[in-house]
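The values are calculated or read from the model by the stated rules, or taken from the named source; none is laboratory data. This structure is a prediction, so every number in the text was calculated from the model and none was measured.
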Amino acid sequence: MTVRPGHLTLALAALAAAVLYNVWYFVLRPGAPAEPRRAVEQPFAGSAAAARPGPVSPDPLTIPAPPAVDLASAPSWRRDPFLFGDETRAVARPVVNARAPEPPSVRSILYSASRRLAIVNGRIVGIGDSVGDFTVAGIERDAVVFLAPSGGRLRVSVHATSPEAVPR
């Protein structure tokens, strides 16, 4: 970084002007107080010095009570301080309908006396595993039974195009 001589001269001149102004204002200015003013001392309320003449503190019993506050309802104001001009909080938002979870796709089942596995949505799963929002409740020879998030059971056959509901 290079400092040009003109910039350096300007910066030093500004510094010198600031120093001279502060010396004049705080030390040499006509009418400047020679010594700082002292704080006015006032006695504490209820002390022995309170009997001296001076400002009298009000009687606490003469101070009116604050207005009653209704805590049962929410406060209301005439305008919202966080809005500008003609803004409003009434914002129209589109309604989004929640879609039903898409049923899993069963591609293959490995069924034997000691092991039951299935390939569901490209993953190898066993009983108790979760697939998306569904949980594998059982594996049969030709279908997999899922427990839906709503609590119902869903039976999906191998390469099925639509699931079948399992009676309870």
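Just one of the listed residues (ARG116, ARG123, ARG89) is modelled with pLDDT under 75 and among the charged types (D, E, K, R), namely ARG89.
Restricting the search to the stretch 1-40, which residues are at pLDDT below 75 and within 48 Å of the chain's Cα centre (by Cα)?
From the stretch 1-40, those at pLDDT below 75 are 1, 31-40; that's our starting set.
MET1, ALA39, VAL40, listed by residue number.
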